[in-house]
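Chemist: One structure is given below, represented as structure tokens, and several questions about it will come after.
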There are 4 protein chains.
Amino acid sequence: MKLAMIGLGRMGGNMAHRLVQQGFEVVAYDRDPAAVAEAVTKGATGASDLAVIPDMLPSPAIYWLMLPAGEITEKVMREVGGLAREGDIIVDGGNSFWKHDLERSKWLKERGLTFIDVGVSGGVWGLERGYCMMIGGDDAAVKHIDPILRALAPGPGTIPRTHRPKTQGEWQAEMGYVHCGPAGAGHFVKMVHNGIEYGMMQAYAEGFDILKQRAKQDLPEEMRFELNLSDISEVWRRGSVISSWLLDLIAIALAGDQSLSKFSGKVADSGEGRWTIDAAIEEAVPVDVLAAALFARFRSRVEFSFADQLLSAMRFGFGGHVEVPQ
Amino acid sequence: MKLAMIGLGRMGGNMAHRLVQQGFEVVAYDRDPAAVAEAVTKGATGASDLAVIPDMLPSPAIYWLMLPAGEITEKVMREVGGLAREGDIIVDGGNSFWKHDLERSKWLKERGLTFIDVGVSGGVWGLERGYCMMIGGDDAAVKHIDPILRALAPGPGTIPRTHRPKTQGEWQAEMGYVHCGPAGAGHFVKMVHNGIEYGMMQAYAEGFDILKQRAKQDLPEEMRFELNLSDISEVWRRGSVISSWLLDLIAIALAGDQSLSKFSGKVADSGEGRWTIDAAIEEAVPVDVLAAALFARFRSRVEFSFADQLLSAMRFGFGGHVEVPQ
Amino acid sequence: MKLAMIGLGRMGGNMAHRLVQQGFEVVAYDRDPAAVAEAVTKGATGASDLAVIPDMLPSPAIYWLMLPAGEITEKVMREVGGLAREGDIIVDGGNSFWKHDLERSKWLKERGLTFIDVGVSGGVWGLERGYCMMIGGDDAAVKHIDPILRALAPGPGTIPRTHRPKTQGEWQAEMGYVHCGPAGAGHFVKMVHNGIEYGMMQAYAEGFDILKQRAKQDLPEEMRFELNLSDISEVWRRGSVISSWLLDLIAIALAGDQSLSKFSGKVADSGEGRWTIDAAIEEAVPVDVLAAALFARFRSRVEFSFADQLLSAMRFGFGGHVEVPQ
Amino acid sequence: MKLAMIGLGRMGGNMAHRLVQQGFEVVAYDRDPAAVAEAVTKGATGASDLAVIPDMLPSPAIYWLMLPAGEITEKVMREVGGLAREGDIIVDGGNSFWKHDLERSKWLKERGLTFIDVGVSGGVWGLERGYCMMIGGDDAAVKHIDPILRALAPGPGTIPRTHRPKTQGEWQAEMGYVHCGPAGAGHFVKMVHNGIEYGMMQAYAEGFDILKQRAKQDLPEEMRFELNLSDISEVWRRGSVISSWLLDLIAIALAGDQSLSKFSGKVADSGEGRWTIDAAIEEAVPVDVLAAALFARFRSRVEFSFADQLLSAMRFGFGGHVEVPQ
């Protein structure tokens, strides 16, 4: 099977690599020629220009876009939509906003093309571990690219099988990918995945902060502990209710440097945490934890906030308080 | 009527002053002789030492302690409890933790003394506006000090009267003070008052922050507004649902300097916000807003948090992200 | 001065009434003839149909729409936009989403018409107290309707004047209305106003819940208080830091029935609380309190949530816990 | 090695069983004779009474209490403290409040006894998977019971080893248990573990709620998805950033019944979620997520809240709104 991988960054490059490893023919394109050259060394066929790709692929052609969400995806989607031929399949594997999928899918359909959205989790570890994928789009098209999905997916691995009451055939989800619904559904599910990720990360972060601050000098001595965070993260990995892959990563980080001094404490957020709140509000679902996790990141990026200044101004107004922070 | 005012800081000094103005005899004591001298110029009788006060008061003596909550109140309460004579009344008008009242009340009762706790709101404006008071303690003793309470209270003022369905006698609460229940109840209600205050302040603070950041250069131009926060705070004072005294204070602050540049953004918290969360947890009452308001103050006092560093460490772990804050 | 008031519900009807009282000529229209008839009894001129209004108004005509936000406003705006003549002014006084203003303003401008958005606070009390108004739109048009705005506004009233350091001319905001910026700015500010309102309301609600639950039978007896919430709400109205108009309303409600038994506890939300979160996320402003206030309303409207069921399912999974709620 | 296991419920019974399996001599006691009989069938020696245990154990005796936190633990600790002989070791493996450990440790020390606190995670799965343990107490005593801890712990298993930069000896934490610090430190760390657990559970719960409500009929049709939650929970177990043991349990629950109809949605909380907030407040650490997770459980247990009723009362007051929930 043959496909074009468009966008060869951290994610796209590794995915092309994994597909080549599994016997696929991959036409690799990136606007950076060095990235293309790198992919070629891994066994892909390089494309110097988007325009040459249609002639390098069998029909229906499969274009897999692996680009940063936003303007670049929009631009390249338009270009590929212009180049592609009737019946071709265009996959957006980036972190696009699922509502954009609805428009793109419609626009492509009007041109006789089929759109598939694939939300991909797995980060830089995916080359080795496989990519967990959530897919949206028409049944036939998703079925057509199934070999690709299966090759990228982690497979069942050593994860214990979930007992299911009714006998059922092969369970796609056990392979690590799942067709969630029509166009947009894949990115929707991936978005919620990331929303949960924010909440889980913040839960760990707050917990470890409590552990660390327990050594604070202003606590009464008998209530003060100097805790070894590296040991604690490690011990929780085995047998505890809160073991997870995120905790594995915490253990790795803390084993290297318990003070995490190389991290400034300013934390970026990608769109998905924000869109998750938006989706929840549309549905009137209370999401206190997911929202608080997002807001903590916002707060991390400013030295002080106007809100805090206004609190002090009010305190000064009613109590004559001049802040001498505790 | 005569009483001793012990502690002549911002609150106690003004309360002594207000009482003298209303015809009370006030024995004024503070460990700082200058504060005593100041009270004497306002018409109080100075006391150079706690020990001389018992002989300066009629029986039953009324000791009104107006001290910072915590160790100082504990220490002076012990001293006064040792000096006072059977039947005397000891009032704690500070911001003590209500559970301490339970112990102090018991301890004083064993010595034949009566404890009253008075939670006082009004800040530095109380001299002029009067003090809103929430009172706990035995009926008889609270009744005994009623003239003092009435003199300190704001009185009905120009605030519109609340219509009450059943004809009732004079309504103490309309005078701006209320006997809430047994010992501890006054400080309990004052504590919740402050908890609410935290929540309201944070609501305003977040709202004004949204208004201010609407001028951010990274927003699309047509979605950007340069808003005059001083005008907005002023307009909301009249006819709007969110008019309040806190908003009056905001308007004053913003009329002076819209940028609030003299406030660093580090915001202290007194115990009451914390104790409110404690009380809510005891009762299993969800208090998302009151807790978030407290946590925002905690966050304001650190430059960056270990929690945030750990988020970045995880992001680096799974995605190779090096934070370039947005 | 003459204008058309379109939409004679709780808000529009009273506004027409207030304007007539102040000497304005008001052409009143509503799709419900009874509402028109009612307005006529108050001194307005009735219009039986939108189409007849243009000939009833001098040029430039002023159309003030006072309709529920959403489809109805959109529909009527389109109709009025079709009927109006070059140079006419169309005011949207409803609670429209400010981003819709941007589109509407553009669309009307293309037709030679001017759009003004007015965010109005004051609820059913506005007839008597006046309406607090936040205005967006072109300077000239806003200046043109100034007499109307001034008549609707509360005026300075008895609210203490804010001291301003620099001598300035008349201060519009003191009259209770303010021109915030270009089209959309009025609704934007009104939206944030409502966001703050949600937060303040929730702060009070949580605080009073703590007071009420303090009587819970499962608390140790000495930590239990039976508090009179009506008294407490009343006393806080005078001299306390948390006095506000919302608290006045709480006092009225609790004086009638402390148990609030006529309220089911299901709380609706209008769009503005949601949009406020959206605006904050666009700006990366942390709004923990405003969001929590919105989520509490969402939660209030379901008997139990799937989220809660899933918590129980996990608890059963790892601990064999069958929930016996405390 | 020999020890007494006191308390043979879900946790203690399985722990006794695991120890017997690994060659330990276990004296088993429970106030319920049936539980003792059950333990005897598993190979333990039964004790009919606490008082007989001292003579059944070598010196220094090891008493492992595995009881519900609170009064029962307190009572039995007092009894065992009275029976034990100088030099004996008393272990509290329950979920006690760590501040109680400080008192108990002191009290036992005065009697020549040594206290060890062990926070245990693993739930009903521990018999098979082993118990993750966090330990507080004196070095010598903890070292003395090391064989027991090692037998109960999960061991390294198949969990990938964390790379540590410096060569170090055997890493206790890799075995699934860790000596955290002096008395109280074990329960402190376990408490934070549970606080994190609450936050993670709530993050999943909110995320799955968003997925489920996406089928809501009041959403526009193109924005509605009928998602298979069982598939989604399964797919996230493989290769995704949010894989965890809690997610494994979710997958099991959803494979059985996607509607979770056997769970009422009322969720209990044990003390540890509450104490975590208490600890964070002592340290001034913002814990928005951990607190929100606790509050969601509080809210789940009431049909409607007084807070919500008060919101409606205010809405009625200013807007004449009678709630017609959306």
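The values are calculated or read from the model by the stated rules, or taken from the named source; none is laboratory data. Only a predicted model underlies this, so the values are computations on that prediction, with no experimental measurement involved. Cβ coordinates were reconstructed from backbone atoms using ideal geometry, including for glycine residues, and neighbour counts include every protein chain displayed. Only protein heavy atoms, including side chains, enter the accessible area calculation; ligands, DNA and RNA are left aside. Shrake-Rupley method; radii C 1.70, N 1.55, O 1.52, S 1.80 Å.
Residues are listed down the side, and each one gets a yes or a no for (1) open to solvent by 10 Å² or more (accessible area, probe 1.4 Å); (2) within 20 Å of B:Ile242 (Cα to Cα); (3) more than 7 Å from every other protein chain (Cβ to nearest Cβ); (4) in contact with a helix residue (DSSP H, G or I) (Cβ under 7 Å, 6 or more places away or on another chain):
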residue: C:Val124; (1), (2), (3), (4): yes, yes, no, yes
residue: C:Glu128; (1), (2), (3), (4): yes, yes, yes, no
residue: C:His144; (1), (2), (3), (4): yes, no, yes, no
residue: C:Pro147; (1), (2), (3), (4): yes, no, yes, no
residue: C:Gly157; (1), (2), (3), (4): yes, yes, no, no
residue: C:Arg164; (1), (2), (3), (4): yes, no, no, yes
residue: C:Met175; (1), (2), (3), (4): yes, yes, yes, yes
residue: C:Cys180; (1), (2), (3), (4): yes, yes, no, yes
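Chemist: Moving on to the next point. Could you tell me which numbered condition A:Ser240 fails, if it satisfies all but one of (1) under 25 Å from the mean Cα position of the chain (by Cα); (2) modelled with pLDDT under 95; (3) under 26 Å from D:Gly239 (Cβ atoms)?
Modeler: (1)
Chemist: Now for a different question. Mind counting the residues in the range C:84-99 that are more than 17 Å from the chain's Cα centre (by Cα) and assigned to a loop (DSSP other than H, G, I, E, B)?
Modeler: Number satisfying all stated conditions: 5.
Chemist: Mind listing whichever residues of the range B:236-249 are open to solvent by less than 20 Å² (accessible area, probe 1.4 Å) and either within 14 Å of C:Arg164 (Cβ to Cβ) or of a type in the set (Phe, Trp, Tyr) (or both)?
Modeler: Scanning the range B:236-249 gives B:Trp236, B:Arg237, B:Trp245.
Chemist: Moving on. So which of B:Asp288, B:Asp308 is open to solvent by 10 Å² or more (accessible area, probe 1.4 Å), closer than 30 Å to A:Ser264 by Cα and facing chain A (nearest Cβ under 7 Å)?
Modeler: The unique qualifying residue is B:Asp288.
Chemist: Take the residues of the range B:98-119 that are within 11 Å of chain C (Cβ to nearest Cβ) and touching a helix residue (DSSP H, G or I) at 6+ places or on another chain (Cβ under 7 Å): which is surrounded by the fewest Cβ atoms within 10 Å (Cβ to Cβ)?
Modeler: Here the answer is B:Leu102.
Chemist: Please specify each residue of the range C:18-40 satisfying the condition of being touching a helix residue (DSSP H, G or I) at 6+ places or on another chain (Cβ under 6 Å) and over 23 Å from C:Ala51 (Cβ atoms).
Modeler: Matches in the range C:18-40: C:Arg18, C:Gln22.
Chemist: A further question on this structure: Evaluate the following for B:Tyr198: is it buried (at least 24 other Cβ atoms within 10 Å of the Cβ), among the hydroxyl-bearing types (Ser, Thr, Tyr) and either within 7 Å of chain C (Cβ to nearest Cβ) or more than 28 Å from B:Asp288 (Cα to Cα) (or both)?
Modeler: no
Chemist: So if I check each of B:Gly87, B:Gly93, B:Gly82, which one is under 26 Å from B:Leu127 (Cβ atoms) and out of contact with any Asp or Glu (no Cβ under 7 Å at 6 or more places or on another chain)?
Modeler: B:Gly93
Chemist: Pick from the range A:12-62 the residues that are part of a helix (DSSP H, G or I) and under 19 Å from A:Leu83 (Cβ atoms): which of them is most open to solvent (accessible area, probe 1.4 Å)?
Modeler: Filtering the range A:12-62 for residues that are part of a helix (DSSP H, G or I) and under 19 Å from A:Leu83 (Cβ atoms), the one most open to solvent (accessible area, probe 1.4 Å) comes out as A:Asp55.
Chemist: Another question, if that's okay. With (1) crowded, with 23+ Cβ neighbours inside 10 Å; (2) more than 27 Å from B:Val322 (Cα to Cα); (3) within 12 Å of another protein chain (Cβ to nearest Cβ); (4) in contact (Cβ under 8 Å) with a residue 60 or more places away in the chain as the list, and A:Ile135 as the residue in question, which single condition is left unmet?
Modeler: (4)
Chemist: In this structure, does A:Lys2 turn out to be out of contact with any helix residue (DSSP H, G or I) (no Cβ under 7 Å at 6 or more places or on another chain), among the basic types (Lys, Arg) and modelled with pLDDT of 95 or more?
Modeler: The answer is yes for A:Lys2.
Chemist: Also, quick follow-up: Run down A:His193, A:His187 and say which single residue is at the interface with chain D (Cβ under 7 Å from one of its Cβ atoms), under 20 Å from the mean Cα position of the chain (by Cα) and open to solvent by less than 10 Å² (accessible area, probe 1.4 Å).
Modeler: Testing whether each residue is at the interface with chain D (Cβ under 7 Å from one of its Cβ atoms), under 20 Å from the mean Cα position of the chain (by Cα) and open to solvent by less than 10 Å² (accessible area, probe 1.4 Å) leaves just A:His193.
Chemist: Against the condition open to solvent by less than 20 Å² (accessible area, probe 1.4 Å) and either under 29 Å from A:His321 (Cα atoms) or part of a loop (DSSP other than H, G, I, E, B) (or both), how does B:Glu272 come out, does it pass?
Modeler: Yes; evaluated as a whole, the condition is true for this residue.
Chemist: Please state which one of C:Arg274, C:Arg237, C:Arg224 is over 30 Å from C:Lys190 (Cα atoms) and of a type in the set (Lys, Arg).
Modeler: It is C:Arg224.
Chemist: Quick check on my filter: what residues within the range B:202-222 are in contact with a Lys or Arg (Cβ under 8 Å, 6 or more places away or on another chain) and either among the β-branched types (Val, Ile, Thr) or modelled with pLDDT of 95 or more (or both)?
Modeler: Of everything in the range B:202-222, those that are in contact with a Lys or Arg (Cβ under 8 Å, 6 or more places away or on another chain) and either among the β-branched types (Val, Ile, Thr) or modelled with pLDDT of 95 or more (or both) turn out to be B:Arg214, B:Ala215.
Chemist: Go through the range D:209-251 residue by residue and tally those that are in contact with a strand residue (DSSP E or B) (Cβ under 8 Å, 6 or more places away or on another chain), within 22 Å of D:Arg129 (Cα to Cα), in a helix (DSSP H, G or I) and facing another protein chain (nearest Cβ under 7 Å).
Modeler: 3
Chemist: Mind checking which residues of the range D:275-299 are hydrophobic (A, V, I, L, M, F, W, C), part of a loop (DSSP other than H, G, I, E, B) and free of Cβ contacts under 8 Å to residues at least 60 places away in the same chain?
Modeler: The answer is D:Ala284, D:Val285.
Chemist: Any chance the range A:300-319 includes a residue that's in contact (Cβ under 8 Å) with a residue 12 or more places away in the chain and either more than 24 Å from B:Trp245 (Cα to Cα) or of a type in the set (Phe, Trp, Tyr) (or both)?
Modeler: Within the range A:300-319 (the criterion being in contact (Cβ under 8 Å) with a residue 12 or more places away in the chain and either more than 24 Å from B:Trp245 (Cα to Cα) or of a type in the set (Phe, Trp, Tyr) (or both)), the answer is yes, since at least one residue qualifies.
Chemist: Given C:Glu206, C:Glu283, C:Glu272, C:Glu234, which one is closer than 30 Å to D:Lys266 by Cα and of a type in the set (Asp, Glu)?
Modeler: One residue alone meets the criteria, C:Glu206.
Chemist: Identify the residue in the range D:257-285 that is closer than 16 Å to D:Met201 by Cα and acidic (Asp, Glu) and, among all such residues, is nearest to the other protein chains (Cβ to nearest Cβ).
Modeler: D:Asp269
Chemist: So, one more: Being open to solvent by less than 10 Å² (accessible area, probe 1.4 Å), facing chain D (nearest Cβ under 7 Å), under 24 Å from B:Ala153 (Cβ atoms) and in contact (Cβ under 8 Å) with a residue 24 or more places away in the chain is the requirement here; does C:Leu254 meet it?
Modeler: Taking the combined requirement at face value, the residue does not satisfy it.
Chemist: Let me ask something else about it. For the structure I just gave you, tell me whether D:Glu206 is part of a helix (DSSP H, G or I), open to solvent by 10 Å² or more (accessible area, probe 1.4 Å) and at the interface with chain A (Cβ under 7 Å from one of its Cβ atoms).
Modeler: No; evaluated as a whole, the condition is false for this residue.
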